[in-house]
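Input: a single structure, listed below in C-alpha cells.
The values are calculated or read from the model by the stated rules, or taken from the named source; none is laboratory data. Just so you know, these numbers come straight off a predicted model, no measurement behind them. Don't worry about glycine lacking a Cβ; one is built from the backbone with ideal geometry, like all the others, and counts go over all protein chains shown.
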Amino acid sequence: MLRSLVLIMAIIGIGVGGYLFLRNKSEAQSAGLPGTPIQAPPSPVGKCVNLGNALEAPNEGDWGYKIRNSDLQMIRELGFDTVRVPIKWSAHTDLRAPYKIDDRLFQRVDTVIQQALAAGLKVIIDVHHYDEMNESPQAHWPRLRAIWEQISLRYADMPDAVIFEFLNEPHTNIKVNDINAINDELLSLVRASNPDRWVIIGGVQWGALESLMKITPPNDPRVMTTFHYYEPFEFTHQGAPWAWKKVPLGQTWGTSDERRAVARDMANAARWRDQTGLPMLMGEFGVYVEVDPLQRAQWSEYVRKASELVGIGWCYWDWATALGMYDLESESLRPGMAPALLGQ
C-alpha cells in the first residue's frame, strides 16, 4: 500500500509555476522511486529554517542580522516547527585550558532558546565556523571537547525540543576517520549529562551527502544524521560574491534531467538512512536572493518535496540574509518562498 501511495505521489505532485513534481512513471522510476517502506524512525525535525548570519558571525550583528523574538513568532506562525541556530562558539571561548566560554554568549543563547521554546519551536544549536578546528583538528580537539562539555552541562535540564549538532560542515583537514572519532567521543561526553537528548551528526566535505554516506554512525537511537544540499551549485550560488566558484547571474534550473538528479539524490539518501536505522535531516538548502524569484521558488519547492517524499526532514538556509526567505529592508517575505516551502 505504501509503495503504491509513493508512486501516486511521485506521479501527480504539482509544483509552483506549473512544474510537476515528478512528471511521470518513468521519471519516478529512473530517480530510484518508489522505494521500499521507510525503515528508519521519522525525523523529529520536520520543517525548519536556519537563523543564519546572526550568532555565527564573530559577534551577533556583524553580518547584518540579529535574531529577534518577532522573527521567531512569525516563523512559528508560518508553520515551521524548528529553528537551527548556528553559533560561532570559538570566537567567545578562551584559547587556553579550561577553554571557558564567555558567559555573555551563553546568556544570549539562553534568551534565543527560551524565546523559541515559548513560540512553540524546537531549537537546534550547533558549533559553526570553527575554522581552526578544520585546519588543525588534533590541536583544537581538546577545545572543541571543552566547548561541548560546557554546552551539554548548561542545557542538560532543557526539554527534548533543544537539539545538539556537534560540528557544522567539517572540511579541509577533517577526514572521515576523524569525524567518526569526533562524533563518537562527543556523543559519549554528551550522554553523561544528556542521556536522551537528540543529537545531530554529519560527514565531512562541507556536509556533502556523499561524504555522509561514508561515515560509521553510532549505535544510538537518539541520533540524527545530516547533510547539506546546494545542487547544482552553479545555480544555487550564482552571483554570490563569497562563493568559491564564481558564476554569473542568469543560470536557470528545471529540466527533466535536473529534477531527476534531485530526486535520485534524495532516494539515495533515504536508502542509506534506512540502512543506518537513524532519522535524517537535510540541514541546509537554499538559493541566493539575487536569483530570479520564480526560479528560487521552483528549486526550493522541488527539493523540499523530494525530501519529504522519502521522509527526510529539512531546514532551509536561511531566514533573513543572503539566501533568505525574509527581506529585512522591507520587513516582508520574499516572493514565492512561503508557498514553496510551506504550501501557502
**Q.** Only listed residue being of a type in the set (Val, Ile, Thr) and touching a Ser or Thr at 6+ places or on another chain (Cβ under 7 Å), chosen from 163, 147, 113, 182
**A.** 147
Q.
Conditions first: (1) assigned to a strand (DSSP E or B); (2) over 19 Å from the mean Cα position of the chain (by Cα). Residue 174 passes all but one, so which condition is the exception?
A. (1)
Q: Considering only residues that are more than 26 Å from residue 290 (Cβ to Cβ) and part of a loop (DSSP other than H, G, I, E, B), look in the range 218-258 and name the one that is nearest to the chain's Cα centre (by Cα).
A: 222
Q) Scanning for something closer than 24 Å to residue 50 by Cα, assigned to a loop (DSSP other than H, G, I, E, B), in contact with a strand residue (DSSP E or B) (Cβ under 9 Å, 6 or more places away or on another chain) and not β-branched (Val, Ile, Thr), does the range 303-310 turn up at least one residue? A) no
Q | For residue 186: the one exception among (1) in a helix (DSSP H, G or I); (2) within 20 Å of residue 309 (Cα to Cα) | A | (2)
Q.
Consider the range 91-133. How many of its residues are closer than 16 Å to residue 164 by Cα and of a type outside the set (Lys, Arg)?
A. 17
Q: Could you check, for the range 156-176, whether at least one of its residues is in contact with a Leu (Cβ under 7 Å, 6 or more places away or on another chain) and aromatic (Phe, Trp, Tyr)?
A: yes
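Which residue, of 168, 180, 173, 194, is surrounded by 18 or more Cβ atoms within 10 Å (Cβ to Cβ), farther than 23 Å from residue 81 by Cα and touching a residue at least 12 places away in the same chain (Cβ under 8 Å)?
Working: 168 fails: farther than 23 Å from residue 81 by Cα; 173 fails: surrounded by 18 or more Cβ atoms within 10 Å (Cβ to Cβ); 194 fails: farther than 23 Å from residue 81 by Cα.
Just one listed residue meets the conditions, 180.
Among the residues of the range 66-122, write down those that are within 20 Å of residue 147 (Cα to Cα) and hydroxyl-bearing (Ser, Thr, Tyr).
Selection gives 90, 93, 99, 111.
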Q | Filter pass, residue 215 being in contact with a strand residue (DSSP E or B) (Cβ under 6 Å, 6 or more places away or on another chain) and outside any helix (DSSP H, G or I) | A | no
Q: Filter the range 254-282 down to residues that are without any contact (Cβ under 8 Å) to a residue 60 or more places away in the chain and of a type in the set (Asp, Glu) and give me whichever is surrounded by the fewest Cβ atoms within 10 Å (Cβ to Cβ).
A: 257
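Would you mind finding the one in 314, 299 that is assigned to a strand (DSSP E or B) and closer than 24 Å to residue 257 by Cα?
So the residue among 314, 299 that is assigned to a strand (DSSP E or B) and closer than 24 Å to residue 257 by Cα is 314.
Here's the yes/no breakdown for (1) in contact with a strand residue (DSSP E or B) (Cβ under 9 Å, 6 or more places away or on another chain); (2) over 26 Å from residue 163 (Cα atoms):
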{"residue": "251", "(1), (2)": "no, yes"}
{"residue": "257", "(1), (2)": "no, yes"}
{"residue": "270", "(1), (2)": "yes, no"}
{"residue": "281", "(1), (2)": "yes, no"}
{"residue": "287", "(1), (2)": "no, no"}
{"residue": "313", "(1), (2)": "yes, no"}
{"residue": "329", "(1), (2)": "no, yes"}
Q: Would you check which residues across the range 137-165 are of a type outside the set (Ser, Thr, Tyr), farther than 16 Å from residue 184 by Cα, in contact (Cβ under 8 Å) with a residue 12 or more places away in the chain and not in a helix (DSSP H, G or I) and list them?
A: 156, 158, 159, 160, 161, 162, 163
Q) Which of the residues spanning the range 125-136 are surrounded by 21 or more Cβ atoms within 10 Å (Cβ to Cβ) and free of Cβ contacts under 8 Å to residues at least 60 places away in the same chain? A) 125, 127, 130, 133
(Q) Considering only residues that are at pLDDT 95 or above and in contact with a helix residue (DSSP H, G or I) (Cβ under 6 Å, 6 or more places away or on another chain), which ones fall in the range 226-249? (A) 227, 228, 230
Q: Could you please let me know if residue 52 is at pLDDT 95 or above and either in contact with a strand residue (DSSP E or B) (Cβ under 8 Å, 6 or more places away or on another chain) or under 29 Å from residue 269 (Cβ atoms) (or both)?
A: yes
